[in-house]
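Before any comments, here is the structure.
No lab work stands behind these numbers, since they all come straight from the coordinates. None of these values were measured; they are calculated from a predicted model.
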Amino acid sequence: MSSSSAVALLIVLLFFALWELGVRLRGTPVYLLPAPSRVIAVLLAHPGEFASASALTLGEAAAGLIFGVLAGALIAALLTLRPGLEGGVMTLAILLKSTQMVRTAPLRTIVMV
């Protein structure tokens with residue numbers, strides 16, 4: 001193990017140790033911030049549930065990626081084949097990009113559903 005890997009591992013272990021210590025000393029409720037030991041215990045107690053939930057999440061993420069790539073390719077093809085559309089689409093893209101995310105998040109959520 002190289003020295004940079006050892007330092008990285010030490011930093012990660014220190015982070016989790018401080019997290020554990022902080023949660024225990026402050027008496028933080030489990031529903032706000034569970035201790036790492038609690039997270040590991042629950043994970044080991046119910047591995048099947050976490051495996052199925054992970055598989056579902058991975059499948060949804062893959063479907064979203066495929067849908068996004070196909071939609072992007074379709075839009076790119078349309079803009080390439082119909083140059084007149086580019087002006088309108090770019091105006092909308094710049095408008096969305098310059099508007100704060102907090103203000104457009106509800107609209108983006110409604111459009112995606």
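See the values below:
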item: Added length on full extension, which subtracts the Cα-Cα distance from 0.36 nm per residue, Val12 to Thr91; result: 24.0 nm
item: Residue-wise HN-Hα coupling along segment 97-104, computed from phi with Karplus coefficients 6.51, -1.76, 1.60 (Hz; x: Gly, Pro); result: 5, 7, 8, 4, 4, 4, 6, 9
item: Karplus-derived HN-Hα couplings along segment 75-86 (A = 6.51, B = -1.76, C = 1.60, θ = phi - 60°), whole Hz, x at Gly and Pro; result: 5, 4, 5, 4, 5, 6, 7, 10, x, x, 6, 4
item: Rounded if a/c under 1.5, otherwise prolate or oblate - segment 26-70, Cα gyration tensor axes; result: oblate
item: Given (1) 10, 18, 23, 23, 17, 8, 0; (2) 11, 12, 10, 9, 9, 8, 8, 7, 6, 5, 4, 4, 3, 2, 1, 0; (3) 14, 33, 27, 16, 8, 2, the label whose value is P(r) over Cα pairs in 10 Å bins from 0, in percent derived from this model; result: (1)
item: Residue-averaged 222 nm ellipticity for the chain, from DSSP H runs of 4+ at -39500 (n - 2.57), nearest 500; result: -28500 deg cm²/dmol
item: Choice from Ser52, Ser37, Ser98 showing the highest fluctuation, given a GNM over the chain with Cα pairs closer than 10 Å; result: Ser98
item: Note, ³J(HN,Hα) from phi for segment 51-58, Karplus 6.51, -1.76, 1.60, rounded to Hz, x at Gly and Pro; result: 5, 5, 5, 5, 5, 4, 5, 4
